[in-house]
Amino acid sequence: MTSTVRGAGAWLGRAWTSPGHERNTVLMMCKSALAATVAWWIAHDLLHAKSPAFAPFSAVLIMNVTVYQSVWQAVRYTGAVTVGVAVQAVLGFLIGPDLFVFPLVALIALAVGQWPVLGEQRSQVATAAFFAFSTYATASTLPQRAENLAEIVVLVLIGCGLGVLVNTCVAPPLRYRGAEQGLRSLACEIESLLSDMAQGLRHQDVSEERTRAWAAAGERAHRSVAQARAALDTAQNSLPFNPRRLLPAHRKYLTFHRYRRVLNAMERAVYQLVSLTRSLHQWRESEETYTYTPVLRAYADFASSLQDIAGTLSRLDADVLESQAEQVCRQSATAQRALKDVLDAAQEHRLPLADPSRPYGVLIVEATRLMEEFQYTGDTLRTTAAGPE
């Protein structure tokens, strides 16, 4: 119990002192509570609705991490509820509220709920139809039944409208920092893998345990690519309908196309690294002695130079992007010289690059490709820092 309280206190402390997931969660909870409270007040106290809970429920349901997503969820949810109510209205007025009508309502609502246009709100068609059946069955006259069904749609419109309004006007989320964080996390994974590879190659340690660790690190980096892409998509979706994008302080963050190109280059670099670690792991048993020590050391220096670039990317910050882009370009020049040393050492020591049973050919090929991707990343960052597209 004490550890739980301590953990909750630490979580609240992070939410209070620094921006991040915790603060975003608290903000979203507060905004949802505000929208739900206003929606309940309008539905219960002003309209005296028979089912006032529809309004706050709708307000909370469509509250999302971006204004754009909230608008789309509101449209889809309202459409799903309207269709569900319409199914009950048509069957109810044509046949009646008898029990044998309910299976028909359920079947039609569930069938319509398969409509892909409604997205993740498709299940709400059946839910709305069931609530509408209950409301319809409890009314005694046709005008009362029609009024009750219409009330459901009106309450949903009120709730969705308030949810979108609160999300738009109260600290609307602008997630460009999330895009940076996704790239930074990916760069950290790449930096860690390159650091361990450099150390292992420098000491000719390509044991099974170490190559397995490299393969696991490559898989973690691969997962980080998906997380970084999701963060970038969220950042892109936070721009439409967001009034904060009009403020001068945020105008330089209104495009993510070059960040996306940086991510694509880093993703390709991850694929090269995964391929490299897989090859080293597969050939570990057949390569009993590494007699080309100078080449491996040169390769370790090359991996270390790429590690420095990944380290700079792990601190990516739009506010100092220009200086970071210049640093990456300088580090890329150093990495190019390290790559030349690898190629020179391979030629000098007659590395068996054409032997498919040895790992050296793949080492050289992947080194060249890795250098291309890191060079492209630096060039893209420098173009991004130079000004808007």
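For Leu110 and Ser275, FRET efficiency with R0 = 35 Å and r from the beta-carbon atoms, rounded to 0.05? Mind dumping the intermediate values first?
Numbers: r = 47 Å, r/R0 = 1.33.
For Ser275 and Leu110, the calculated efficiency is 0.15.
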What distance in nm lies between label points placed 7 Å from Cα along the C-beta direction at Val26 and Asp45? 2.7 nm
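Give me the percent of Cα-Cα pairs in segment 89-140 that sit more than 15 Å apart, rounded to a whole number. Show your work: numbers first, answer last.
Working: 574 of 1326 pairs.
I get 43 percent for the Cα pairs in segment 89-140 exceeding 15 Å.
Using a Förster distance of 25 Å, how high is the FRET efficiency between Glu348 and Glu219, based on the Cβ-Cβ distance and rounded to 0.05?
It comes out at approximately 0.10.
Keeping every protein chain in place, order Cys30, Cys160 by accessible area at 1.4 Å, biggest value first, i.e. largest first. List each step's numbers first, then the result.
Details: Cys30 80, Cys160 5 Å².
Solvent-accessible surface, decreasing: Cys30, Cys160.
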What nm value, rounded to one decimal, do you get for the distance between Thr168 and Arg212 when each label is placed 7 Å out toward the C-beta? 5.6 nm
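Quick one: if the Förster radius is 22 Å, what FRET efficiency do Arg315 and Gln227 give, using the C-beta to C-beta distance and rounding to 0.05? Present the calculation step by step, with values, prior to reporting the outcome.
On the way: r = 18 Å, r/R0 = 0.82.
Between Arg315 and Gln227 the formula returns 0.75.
If you take every residue apart from Val83 with its C-beta less than 13 Å away from the C-beta of Val83, what net charge results, scoring Lys and Arg +1 and Asp and Glu -1? Write down the numbers at each step before the final one.
Numbers: positive: Arg76, Arg122; negative: none.
Summing Lys/Arg as +1 and Asp/Glu as -1 gives +2.
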Would you mind calculating the gained length between Thr383 and Gln144 on full extension (0.36 nm times residue separation, minus the Cα-Cα distance), in nm to one decimal? 79.5 nm
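Kindly identify segment 111-230 as rounded, prolate or oblate by the Cα gyration tensor criterion: order the square roots of the eigenvalues as a ≥ b ≥ c, call it rounded if a/c is under 1.5, otherwise compare a/b with b/c, prolate if a/b is larger, else oblate.
Numbers: a/c = 6.76, a/b = 2.94, b/c = 2.30.
Verdict is prolate for segment 111-230.
Averaged over all directions, how much area does the convex hull of the C-alpha atoms of segment 33-174 cover when projected, in nm²?
Details: hull surface 33.1 nm².
Mean orientational projected area (segment 33-174, Cα hull): 8.3 nm².
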Can you pull out the trypsin sites (Lys or Arg not before Pro) in segment 310-365 whose DSSP state is coil and whose Cβ has at most 13 other Cβ atoms within 10 Å? Arg315, Arg350
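The values are calculated or read from the model by the stated rules, or taken from the named source; none is laboratory data. This one's a predicted model, so the numbers in the text were calculated from it and none came from an experiment. A quick note on method: Cβ atoms are made from the backbone with ideal geometry, for glycine too, and the neighbour counts reach across all protein chains shown. Note: accessible area is taken over every heavy atom of the protein model, side chains too, but ligands, DNA and RNA are not part of it. Shrake-Rupley method; radii C 1.70, N 1.55, O 1.52, S 1.80 Å.
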